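Contents: one structure, followed by commentary.
The values are calculated or read from the model by the stated rules, or taken from the named source; none is laboratory data. Quick caveat: nothing in here was measured; it's all calculated off a predicted structure. Every residue, glycine among them, receives a Cβ derived from its backbone with ideal geometry; neighbour counts consider all protein chains shown. For accessibility, only protein heavy atoms count, side chains too; no ligands or nucleic acids. Shrake-Rupley method; radii C 1.70, N 1.55, O 1.52, S 1.80 Å.
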Amino acid sequence: MRSRNLIALALIPFAIAACGSSNKSSTSGSSGGGGGTVNGAGSTFAAPIYQQWGSALKGQGVTVNYQPVGSGAGVAQFAAGTVDFGASDPALTPPDRATIKKGEAVQIPMAFGAITVSYNLSGVKKGLKLDGATIADIFLGKIKKWNDPAIAKLNPGVKLPGDAITVVHRSDESGTTKGFTGFLAAYSKEWSSKVGSDKTVKWPTGTGAKGNDGVAAGVKQQKGAVGYVEEAYALQNNFTTAAVKNKSGKYVEPTLASTTAAGKGVKIPKDLGISIIDSPEPSAYPISSQTFVIVYKDLCKGGLDKGKAAAVKGFIDYGLGEGQSVLGQLQYAKLPAPLLSKAQAASNSLTCNGSPVTG
């Protein structure tokens, strides 16, 4: 209950702040101590994290103005120079990097979270067992009723109602969508060939909604609905969530422990563009995702003044320092030590016109 209350506190004021925010990146950052306003946009998956960190940083003179517009729009706004940092759940692709013109972009992993399969089904408790192939068939529109034999086979002894299934999916460019569809593509050849995996796809069925919050609202409002939302949004709405079969053959519910397990032993490429979807760890929740902050390696050549550069680096350093300790309150997982060390090194490598960033 305490976690749910903290999540609600993080999400509600966040939405109010975002409505009044400007798309333009201010270049009048303060000069001392990394204070001032930091403008970011992107991942709705990470929105509760950045709201929580922003609340903590207010006491240090930093205002975090973050717009939860989706990972795709966040990368686009960063490339257009209208925000100081972008936020994306999937790593940057070569086409993404081609749009970023003011220098080398650095992607810094900040946290892990779970993408839940949330359902609104009267009389059915949390933990309905689903595997990748069955979830794919639901989102392909092939499984139309909750008492379909394919679902019943995975849940012996569970009394399933004959309610029609209403699929709710994202309508915007979404890192959550890329992670979710990537998982489905790994377990369904039909999904892989007909739909594929990306930040936006041509959905075979269902109703679209913008943001994790939009999908959550759609699931909450419709009896028989199913959608995919980050765990913080599922907890805030008191959703029932599925236990999903992982690569080791175990049905695992989305929890802080199972999301943390998904990051164990993750391979870390040179550009830090990790992916923790479908982890081989036996205790891992399989639809887990990372989230990144994207900045220019040389912040000032990317368009920031010295004070704003210090504020942006201060925000990143807080997230990779004290900020890691509050992630669990929102049901996000800390970065494992090897990855955290490399993320901190990436932050320490940031410069302003070739010199170290100082506040």
Karplus-derived 3J(HN,Hα) from phi for the range 55-60 (6.51 cos²θ - 1.76 cosθ + 1.60, θ = phi - 60°), whole Hz, x at Gly and Pro, runs 4, 5, 7, 4, x, 9
Calculating Rg/Rh (Cα atoms, Kirkwood Rh) from this structure picks out, from [x] 0.94; [y] 0.98; [z] 1.10, entry [y]
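Give me the 1.4 Å probe accessible area per residue for the range 184-233, excluding ligands and nucleic acids, in Å².
46
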With +1 at each Lys and Arg Cβ and -1 at each Asp and Glu Cβ, the charge dipole magnitude of the chain around its Cα centre, to the nearest 20 debye, comes out at 480
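Using a 1.4 angstrom probe with every protein chain in place, what is the largest-first accessible-area order of D198, D89?
On the way: D198 70, D89 0 Å².
Reading off the accessible areas and sorting them downward yields D198, D89.
Take the solvent-accessible surface of the protein heavy atoms, probe 1.4 Å, and return the percent of it on the chain that carbon and sulfur atoms account for. All intermediate terms of the calculation are to be shown ahead of the outcome.
Numbers: 7450 of 14190 Å².
Reported share for carbon and sulfur atoms: 53 percent.
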The FRET efficiency for K145 and A56, from their Cβ-Cβ distance with R0 = 51 Å and rounded to 0.05, is 0.65
Note to self: C-alpha centroids of the range 185-216 and the range 137-184 sit apart, in Å, by 11
